[in-house]
Amino acid sequence: MDMTALMAPFEKVASDYYGYARDAAAAGRKVAGCMCSYAPQELLYAAGYLPIRILGREGDTRRADELLQAFSCSFARSVLDSALEQEWPFLDLVMFSHTCDTMQNVADLWRAHTPDTDTLIASMPTRTDGEASLRYCMAELERLKKKLEAKTGPISDEKLTEAIRLYGDHRKTMQDLYALRAAKPGLLSGAQMMTISVAAFLMDRAEHLPLARAVLSALNTAAEPGGVSWPRVFVAGSMCRHVGFIELMEAAGCAVVGDDLCVGSRSFAHGDPDGDTPIEALARAYLERIPCPAFHRDGRHPGHALVEAARRDKADGVIFLLTNFCDPMAFDYVPVKKALDDAGIPALSLSVEQHREPPEQLRTRVEAFVEMLRESEGA
Amino acid sequence: MSDAPIYAGVDVGSATAKAVLLDATGAVLAASVIASGGNLTDAAQRCLSLASDKAGVSPDACAAVIATGYGRERVAARSRSVTEITCHARGARALFPEARSVVDIGGQDSKAIALDERGRVLRFEMNDKCAAGTGRFLEVMARLLEIELDEFGGRAMHAAAPVTISSTCTVFAESEVISHLARNQNIDDIIAGLCNAIASRVYGLASRARLAPPTIMTGGVARNEGVVKAMEALLGAPIRTPDDPQTVGAYGAALLALESE
């Protein structure tokens, strides 16, 4: 098994944020940028677009700083700055989704300042349970479908079903990879898993799927190298695309075995539900997924869900990556932290800036946390 | 010079580099403290040599060297490095077996560490990226007031009516101090105000880490009586300070070196 060769295509895409989409556009593909995992990529795919995620990038954000208040998060700053700096000339469409007020305003600023780009806003229901949410979500997907059809021509049920199936198959493979990583972290590191996820967000899923399956089949039969037993860490938090944070944790001597991150398992964890129409099936998939902190489901306590996930992955501790001024995550953090405390699961929180790799000061905190987990394990 | 094995802890902080040497029984042979300066590799080497000279041993005789502190990766002689959180906890619990928490205020950061009943780290909190309210802050204020740093804590004890310093940001606090000087405030009252400001900032960390008594204070700032008294008032419990709080991290590192053998 040649892990370097298996990982190479993912690393290539993940390390060149604009490259894959730019090349696809140059080859004649229409490209749609999605701001959030709640932008229904299946619709875009069925309409003939290559949907990719806009994930934020490194570098300063001085153009966006002119327009955004001091209390806007670094993700909003980073993505808006990339638009103001005209870094996306190859995008035909940008799809936002209503997650928080800041991102809603970023959508307005994006439209005002790059009038040549087509934009759509997906308003998915904030409450994801109940019949009313389903009806609302289906109506919203129909509305988006009509908007797209006005640009690209009719989207047939067959095309949409095909796209839903591709995304469902891809999620299933990603779920299997996440499960394998939790079972055998010595074979697939957290940093490698995150690289595969980042690449998934930047690639055509039809191209990513066989590459991900190749990793899965190579590792399914491989034996985990024995030896060191490392503390197992679960990572949760706000939007973060920097594999460097996971590398920093693993360099400190832990194995990142699970996550609840947008650029991670949360975006791939849902099933492939049926519906009377493709739109209904799609609506059910988005409503039944693990809600991100901007969405809610009645009876679901974000803390209890995290404790359950951490226990499922046999985590010794949880590390939070928190973006300053990410209000939806900050509201969840309080009950989540309390639930972890009550469950006796140690947690560490790190503050994340989207436009920079982890600062050196975080290393001491992460190393100390790992030493702490190791000492308590040794008891 | 004897051939008995020696165990060393080297703590290279942002302000000072410290070394502690132990014999095989864990007894302290020597300790040293020097300014870190601009070359951390060199500082690590020099403080280790100084301690070896004091102990009358060769620095090469060390069976194991554990490096800690912000410059831990710069210690050429290290067998391995361990963070200062673990080292301060280890050192504090060796000096005070009953310790349940440690507050360490160093040159550029402060930490609140909760210990379990066996002295292991249970939780910790560290200050954010900036060095507000740490040793560096005290140095700048001492220079501004033209007071020796060693006198700073004692002067705070003479304050009749401490002033309020609302910020531990060094730049903001400096202008507040200058305003107080312009109003001809008593220097001791200003010093006490500065000590209170540091204590209330660190108290925030201590509450987040839910520290339980008895609390041990380590790091260079623990030598400042004014800050210790202000912390005690906020915590509502007495604080214990080691004779040499600056070297507790290096002492903990040396104990880990001994235990690793």
Residue among A:162, A:158, A:247 that is out of contact with any helix residue (DSSP H, G or I) (no Cβ under 8 Å at 6 or more places or on another chain) and part of a helix (DSSP H, G or I): A:158
Any chance residue A:214 is more than 30 Å from residue A:64 (Cβ to Cβ) and either buried (at least 19 other Cβ atoms within 10 Å of the Cβ) or under 20 Å from the mean Cα position of the chain (by Cα) (or both): no
Selection from the range A:320-337 of residues that are assigned to a helix (DSSP H, G or I), surrounded by fewer than 19 Cβ atoms within 10 Å (Cβ to Cβ), under 19 Å from the mean Cα position of the chain (by Cα) and within 14 Å of chain B (Cβ to nearest Cβ): none
Selected residue [over 27 Å from residue A:100 (Cβ atoms) and within 17 Å of the chain's Cα centre (by Cα)] from A:11, A:42: A:11
First in the range B:155-182 and farther than 11 Å from residue B:193 by Cα, second anywhere and in a loop (DSSP other than H, G, I, E, B), Cβ under 6 Å, 6 or more apart: B:169/B:132
Some residue of the range A:354-375 being among the aromatic types (Phe, Trp, Tyr) and over 28 Å from residue A:60 (Cα atoms): yes
Complete set of residues in the range A:110-128 that are part of a loop (DSSP other than H, G, I, E, B) and either over 20 Å from residue A:68 (Cα atoms) or of a type in the set (Val, Ile, Thr) (or both): A:114, A:116, A:117, A:123, A:124, A:125, A:126, A:128
Of residues in the range B:108-128 being touching an Asp or Glu at 6+ places or on another chain (Cβ under 8 Å) and surrounded by 24 or more Cβ atoms within 10 Å (Cβ to Cβ), the one farthest from residue B:201 (Cα to Cα): B:121
Some residue of the range B:68-75 being within 11 Å of chain A (Cβ to nearest Cβ) and at positive phi: yes
Scan of the range A:285-311 for residues that are in contact (Cβ under 8 Å) with a residue 60 or more places away in the chain and part of a helix (DSSP H, G or I), ordered by number: A:285, A:286, A:287, A:288, A:306, A:309, A:310
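Matching residues to (1) at pLDDT 95 or above; (2) not acidic (Asp, Glu); (3) not in a helix (DSSP H, G or I):
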position: B:200; (1), (2), (3): no, yes, no
position: B:204; (1), (2), (3): no, yes, no
position: B:221; (1), (2), (3): no, yes, no
position: B:232; (1), (2), (3): yes, no, no
position: B:242; (1), (2), (3): yes, yes, yes
position: B:247; (1), (2), (3): yes, yes, no
position: B:251; (1), (2), (3): yes, yes, no
position: B:256; (1), (2), (3): yes, yes, no
Among the residues listed as A:306, A:373, A:340, A:348, the single one being crowded, with 19+ Cβ neighbours inside 10 Å and within 9 Å of chain B (Cβ to nearest Cβ): A:348
Residue list for the range A:140-188, filter: within 30 Å of residue A:221 (Cβ to Cβ), crowded, with 18+ Cβ neighbours inside 10 Å and in contact with a strand residue (DSSP E or B) (Cβ under 8 Å, 6 or more places away or on another chain): A:178, A:181, A:182, A:185
Helices (runs of 4 or more DSSP H) completely within the range A:1-109 that count 2 or more residues being surrounded by fewer than 21 Cβ atoms within 10 Å (Cβ to Cβ) and touching a residue at least 24 places away in the same chain (Cβ under 8 Å): A:3-15, A:19-26
Flag if residue A:316 is within 14 Å of chain B (Cβ to nearest Cβ) and of a type outside the set (S, T, N, Q): yes
Residue A:197 vs. criteria small (Gly, Ala, Ser), more than 17 Å from residue A:6 (Cα to Cα) and assigned to a helix (DSSP H, G or I): no
Single match in B:238, B:213 (criterion: in contact with a Pro (Cβ under 9 Å, 6 or more places away or on another chain), touching a residue at least 40 places away in the same chain (Cβ under 8 Å), surrounded by fewer than 24 Cβ atoms within 10 Å (Cβ to Cβ) and not basic (Lys, Arg)): B:213
Total residues in the range B:43-76, condition assigned to a helix (DSSP H, G or I) and either under 23 Å from residue B:210 (Cβ atoms) or touching a helix residue (DSSP H, G or I) at 6+ places or on another chain (Cβ under 7 Å) (or both): 6
Check on residue A:300, over 20 Å from the mean Cα position of the chain (by Cα), of a type outside the set (Ser, Thr, Tyr) and at pLDDT below 95: yes
In the range B:93-112, the residues that are more than 9 Å from chain A (Cβ to nearest Cβ), in contact with a helix residue (DSSP H, G or I) (Cβ under 8 Å, 6 or more places away or on another chain) and either within 18 Å of residue B:243 (Cα to Cα) or assigned to a strand (DSSP E or B) (or both): B:94, B:95, B:99, B:101, B:102, B:103, B:104, B:105, B:106, B:110, B:112
The range B:129-147, subset modelled with pLDDT of 80 or more and part of a loop (DSSP other than H, G, I, E, B), residue surrounded by the fewest Cβ atoms within 10 Å (Cβ to Cβ): B:146
Selection count, the range A:200-232, where residues are in a helix (DSSP H, G or I), of a type in the set (Gly, Ala, Ser) and in contact with a Leu (Cβ under 7 Å, 6 or more places away or on another chain): 4
Count of residues meeting criterion [within 13 Å of chain A (Cβ to nearest Cβ) and either part of a helix (DSSP H, G or I) or under 13 Å from the mean Cα position of the chain (by Cα) (or both)] in the range B:77-92: 7
Of the criteria (1) assigned to a loop (DSSP other than H, G, I, E, B); (2) in contact (Cβ under 8 Å) with a residue 40 or more places away in the chain, which one residue A:144 fails: (1)
Residue satisfying all of: in the range B:62-76; surrounded by 17 or more Cβ atoms within 10 Å (Cβ to Cβ) and either closer than 22 Å to residue B:24 by Cβ or of a type in the set (Val, Ile, Thr) (or both); nearest to the chain's Cα centre (by Cα) among these: B:68
Filter result for residue B:83 (crowded, with 17+ Cβ neighbours inside 10 Å, free of Cβ contacts under 8 Å to residues at least 40 places away in the same chain and either touching a helix residue (DSSP H, G or I) at 6+ places or on another chain (Cβ under 8 Å) or of a type in the set (Lys, Arg) (or both)): yes
Search result, residues across the range A:218-240 that are in contact with a Cys (Cβ under 9 Å, 6 or more places away or on another chain) and of a type outside the set (A, V, I, L, M): A:230, A:231, A:232, A:237, A:238, A:240
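The values are calculated or read from the model by the stated rules, or taken from the named source; none is laboratory data. What you see is a predicted model; the values in this text were computed from it and never measured. Virtual Cβ from ideal backbone geometry, glycine too; neighbours counted across all protein chains shown.
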